[in-house]
Amino acid sequence: MAGTLYLYSFLDEFVLLYPVYALLFSETGLSVAETTSLFVIWSVTGLLLEVPSGALADVLSRRLLLCVGPLLAAAGFALWVIFPSYWVFAAGFVLWGVRGALTSGSLEALVYEELERAGEAERYAGLMGRASSVGLAATASAIGLAIPVFAVGGYPVVGAASVVACLLCSLAALAFPEHRTAAAADDDDEPGYWAVLKSGLSEARGNRHVSRWLVLSAVAGAIWGALEEYVPYLGKELGTPVAWVPALVLLVWAAATAGGLLAGRAERVAERPFAVMLLAAALALAGGALSGELAGFALIALAFGAFQLADVVADARLQESIDGPSRATVTSVAGLGKEAVTLLVYASYGAASTMAGHGLTFALFAVPYVVVALVWGRRSPRP
């Protein structure tokens with residue numbers, strides 16, 4: 001299963017269209033406002049379907065959903081390249097959003113329950129940490145490879161390569177083991193789907209341990225993930241030559257990759273030291289952003305690595321805390337939280353950066369990490 005997980009994670013992120021699709025929109029004649037509206041359509045699709053699709057993964061085969069998701073993305077990418085227009089782009093983003101909703105929660109639930117069945121649930125954090133690092137490496141590889149491929153064949157070849165990656169990802173999903181039977185409706189007279197959805201939402205709301213890790217998962221992963229998009233702007237604000245900006249992005253990605261790889265070692269750290277690490281990372285983020293020096297990016301990279309580690313560990317602790325039959329549903333609630341926080345960060349960053357500059361804006365987004373770390377350390381139970 002580990003090899004299949006790593007292969008799936010790599011192919012899922014190895015999409016050569018990622019670094020050039022904004023150019024495709026622009027060359028088709030879309031304005032910045034129209035492009036922004038496409039991103040909103042993408043995000044809203046994920047928000048609306050995240051939890052319902054999680055319940056679907058608790059009723060149907062999770063392996064099947066992991067197989068179908070990339071096929072939808074492949075269809076969307078193909079439509080973009082063959083029939084470029086605003087409404088086709090919008091349809092592609094809807095397909096992409098559905099794909100994300102189908103796989104979010106399904107993958108984590110499948111991996112954890114298969115490990116639990118084998119008596120190796122303690123390996124979950126390490127496996128998912130390495131899988132996230134493989135995904136980051138795949139995205140970096142796709143960005144690097146997109147440059148020569150685009151130069152040779154333009155959008156048709158880049159789009160075809162992206163479609164092929166999605167098709168291979170779908171095939172890789174079929175290699176996942178799955179010994180789970182579809183969830184039943186317990187003793188209620190409700191249909192299985194609605195009973196599972198109700199059970200998952202109740203556990204997310206009523207189980208104190210689950211709720212704690214849901215909150216940390218949403219904050220830890222979403223904020224730094226959104227801030228990463230603005231690293232080039234911060235680099236330019238500090239006077240970095242344009243040619244060196246990709247090196248700063250690479251530094252941040254390398255640190256995040258290292259954080260994922262170290263998650264297995266940190267999974268058993270007690271909650272109070274975990275909160276101290278989160279606080280130190282938040283201070284490093286603020287200090288690096290406010291330093292006004294390129295050397296400050298080393299602190300920002302360390303902070304992002306720690307946040308990625310915290311995200312993987314929070315997911316592992318969340319899986320351990322789930323007691324009911326609706327594992328994918330509860331995990332999808334975490335995904336919904338990340339989507340909501342990400343949208344909030346994008347909106348807040350756009351408003352704050354025009355008034356405060358990128359350095360101060362980065363530092364301001366360290367505040368939520370500080371608050372979560374202080375609350376976590378004060379309320380954390382004995383290990």
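The values are calculated or read from the model by the stated rules, or taken from the named source; none is laboratory data. Note that the structure is predicted; figures quoted are calculated from it, not measured. Note: ideal-geometry Cβ built from the backbone for every residue, glycine included; neighbour counts use all protein chains shown. When the accessible area is computed, the model is the full protein with side chains, heavy atoms only, and any ligands, DNA or RNA have been set aside. Shrake-Rupley method; radii C 1.70, N 1.55, O 1.52, S 1.80 Å.
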Next item on the list: Read through the list (1) open to solvent by 40 Å² or more (accessible area, probe 1.4 Å); (2) modelled with pLDDT of 90 or more; (3) over 21 Å from the mean Cα position of the chain (by Cα), then give the number of the only condition that Arg379 fails.
Entry: (2)
Margin query: Six or more apart or on different chains, Cβ atoms under 6 Å: show the pairs whose first residue is in the stretch 60-72 and over 10 Å from Phe176 (Cα atoms) and whose second is among the β-branched types (Val, Ile, Thr) and surrounded by 18 or more Cβ atoms within 10 Å (Cβ to Cβ).
Written below: Gly69/Thr103; Leu72/Val98
Check: Residue check: is Arg268 out of contact with any Ser or Thr (no Cβ under 7 Å at 6 or more places or on another chain) and not acidic (Asp, Glu)?
Finding: yes
Checklist line | Count - residues of the stretch 208-232 that are open to solvent by 20 Å² or more (accessible area, probe 1.4 Å), in contact (Cβ under 8 Å) with a residue 40 or more places away in the chain and either in contact with a strand residue (DSSP E or B) (Cβ under 6 Å, 6 or more places away or on another chain) or among the polar types (S, T, N, Q) (or both) | finding: 0
Checklist line | Residue list for the stretch 348-368, filter: part of a helix (DSSP H, G or I) and of a type in the set (Gly, Ala, Ser) | finding: Ser348, Gly350, Ala351, Ala352, Ser353, Ala356, Gly357, Gly359, Ala363
Check: Failed condition for Ala125, given (1) at pLDDT below 90; (2) surrounded by fewer than 24 Cβ atoms within 10 Å (Cβ to Cβ), with all others met?
Finding: (2)
Notebook entry, point to check: Considering only helices (runs of 4 or more DSSP H) fully contained in the stretch 185-267, which possess at least 3 residues that are modelled with pLDDT of 85 or more and in contact with a helix residue (DSSP H, G or I) (Cβ under 9 Å, 6 or more places away or on another chain)?
Noted result: 208-227, 245-266
Next item on the list: Would you mind telling me which numbered condition in (1) open to solvent by less than 40 Å² (accessible area, probe 1.4 Å); (2) part of a helix (DSSP H, G or I); (3) touching a residue at least 40 places away in the same chain (Cβ under 8 Å) Ala160 fails?
Entry: (1)
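This table checks each residue for (1) among the hydrophobic types (A, V, I, L, M, F, W, C); (2) in contact with a strand residue (DSSP E or B) (Cβ under 6 Å, 6 or more places away or on another chain); (3) within 27 Å of Ala334 (Cβ to Cβ).
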{"site": "Ala2", "(1), (2), (3)": "yes, no, yes"}
{"site": "Tyr8", "(1), (2), (3)": "no, no, yes"}
{"site": "Leu11", "(1), (2), (3)": "yes, no, yes"}
{"site": "Phe39", "(1), (2), (3)": "yes, no, yes"}
{"site": "Gly46", "(1), (2), (3)": "no, no, yes"}
{"site": "Leu64", "(1), (2), (3)": "yes, no, yes"}
{"site": "Tyr86", "(1), (2), (3)": "no, no, no"}
{"site": "Gly100", "(1), (2), (3)": "no, no, yes"}
Checklist line | Whichever residue in the stretch 134-151 is modelled with pLDDT of 85 or more and among the β-branched types (Val, Ile, Thr) and, among such residues, is farthest from Val15 (Cα to Cα) | finding: Val134
Margin query: Which count do you get for residues in the stretch 346-363 that are hydrophobic (A, V, I, L, M, F, W, C) and at pLDDT below 85?
Written below: 5
Item checked: Residue under evaluation Ala314, criteria (1) within 30 Å of Ala121 (Cα to Cα); (2) surrounded by fewer than 23 Cβ atoms within 10 Å (Cβ to Cβ), criterion not met -> (2)
Next item on the list: Could you pull out the residue among Gly192, Gly235, Gly239 that is over 21 Å from Ser43 (Cα atoms) and surrounded by fewer than 14 Cβ atoms within 10 Å (Cβ to Cβ)?
Entry: Gly239
Next item on the list: Could you tell me which of the residues Val341, Val371, Val345 is open to solvent by 70 Å² or more (accessible area, probe 1.4 Å) and either touching an Asp or Glu at 6+ places or on another chain (Cβ under 9 Å) or assigned to a helix (DSSP H, G or I) (or both)?
Entry: Val371
Next item on the list: Of the conditions (1) open to solvent by 50 Å² or more (accessible area, probe 1.4 Å); (2) more than 15 Å from the chain's Cα centre (by Cα); (3) at pLDDT 85 or above, Phe10 clears all except one; give me its number.
Entry: (2)
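Each row is one residue, and each column tells you yes or no for (1) under 27 Å from Leu248 (Cα atoms); (2) open to solvent by 20 Å² or more (accessible area, probe 1.4 Å); (3) at pLDDT 85 or above; (4) in contact with a His (Cβ under 8 Å, 6 or more places away or on another chain).
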residue: Leu278; (1), (2), (3), (4): yes, no, yes, no
residue: Leu290; (1), (2), (3), (4): yes, yes, yes, no
residue: Ala301; (1), (2), (3), (4): yes, no, yes, no
residue: Ala310; (1), (2), (3), (4): yes, no, yes, no
residue: Glu320; (1), (2), (3), (4): no, yes, no, no
residue: Phe365; (1), (2), (3), (4): yes, yes, yes, no
